[in-house]
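The values are calculated or read from the model by the stated rules, or taken from the named source; none is laboratory data. If you're wondering where the values come from, they're calculated on a predicted model, not measured in any experiment. Positions of Cβ are generated from backbone atoms using ideal geometry, with glycine treated the same way; all protein chains shown enter the neighbour counts. With ligands, DNA and RNA removed, areas are computed over all heavy atoms of the protein, side chains included. Shrake-Rupley method; radii C 1.70, N 1.55, O 1.52, S 1.80 Å.
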Amino acid sequence: MSDTKTIDQPQSGRRRAYERLTPETAVLLLIDHQAGLVSGIRDLAPDEVRHNVVAFARAARVLGVPVVLTSTAPMMWGPTLPELREALPGVNNIERSVVNAWDEPRVRDAVTRTGRRKLLIGGITTHVCLAFPAMSAAADGYDVYALLDASGTWSDLLRVTAIDQMRQAGVTITSGSAAFIEMLHDNASPIAGQFYAALDLPATRYILQITQGGKSA
């Protein structure tokens, strides 16, 4: 794989080298994908976010990317999505009380133990559960990717302000769809079919139905 680097310039004006995502360098952190919180999403369709976060969890397992799962105050915000728990057998759900998941030592330690420095984060809500730990992890030296299609919040205004805050803090704003396909790297990979089946992108499904009668790439 080529290690060619390009230059990304965040809104803050800081320049930093961009290194490609790989399954060997990434870890996925999923924060507060709980039934009550998902139901309150207004900037994206709740069902779309539910689908996406489960798809990314499955794709992570296909690629061998470690997943850290956490939730907060289930009596207030509801249980973690059952389909997400089902997609992550054997992954411990770290229940916490602190708002910023990065302030929970068990969450931080779980990420640290992976030895990975590229941290992909999806969280509900975008302006709190995603933005706060993303900025905190970036301050601790992680190369953080905010997965907007695995996140959601109460309004477009909250989404826009969260994106601006994270960019100023050096967080890469992206989608899980893009990040995971970047990690696949090669459509000739022997796991490509399993990967695309796990990712279950509606557009990809439609294209394959036309070109291959529904067969995976």
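List of remarks:
- Selection of segment 125-149 for residues being touching a residue at least 40 places away in the same chain (Cβ under 8 Å) and not hydrophobic (A, V, I, L, M, F, W, C) yields 125, 126, 133, 143, 145, 149.
- The set of residues in segment 36-88 being of a type in the set (Asp, Glu) and in contact with a Gly (Cβ under 7 Å, 6 or more places away or on another chain) consists of 43 alone.
- Restricting 152, 170 to those that are crowded, with 21+ Cβ neighbours inside 10 Å and touching a residue at least 24 places away in the same chain (Cβ under 8 Å) reduces the list to 152.
- Here residue 73 clears all of (1) open to solvent by 10 Å² or more (accessible area, probe 1.4 Å); (2) in contact with an Asp or Glu (Cβ under 8 Å, 6 or more places away or on another chain); (3) under 27 Å from residue 160 (Cβ atoms); (4) of a type outside the set (Lys, Arg) except the condition numbered (2).
- Residue count, segment 105-136 (criterion: in a helix (DSSP H, G or I), under 14 Å from the mean Cα position of the chain (by Cα) and under 19 Å from residue 161 (Cβ atoms)): 6
- Scan of segment 113-131 for residues that are surrounded by fewer than 24 Cβ atoms within 10 Å (Cβ to Cβ) and over 14 Å from residue 154 (Cβ atoms), ordered by number: 113, 114, 115, 116, 117, 118
- Tabulated pairs, segment 18-38, first open to solvent by 40 Å² or more (accessible area, probe 1.4 Å) and hydroxyl-bearing (Ser, Thr, Tyr), second modelled with pLDDT of 95 or more and not in a helix (DSSP H, G or I), C-beta under 9 angstrom, 6+ apart or interchain: 18/143; 18/172; 25/116; 25/117; 25/118; 25/143
- Some residue of segment 87-104 being among the β-branched types (Val, Ile, Thr), assigned to a loop (DSSP other than H, G, I, E, B) and out of contact with any helix residue (DSSP H, G or I) (no Cβ under 7 Å at 6 or more places or on another chain): yes
- Residue that is modelled with the lowest pLDDT [pool: residues in segment 184-205 that are surrounded by 11 or more Cβ atoms within 10 Å (Cβ to Cβ) and out of contact with any helix residue (DSSP H, G or I) (no Cβ under 8 Å at 6 or more places or on another chain)]: 205
- Pairs are defined by a Cβ separation below 8 Å, a sequence spacing of at least 6 or placement on different chains, a first member in segment 174-191 that is without any contact (Cβ under 8 Å) to a residue 24 or more places away in the chain, and a second member that is of a type outside the set (Ser, Thr, Tyr); the pairs so defined are 181/199; 186/192; 189/195.
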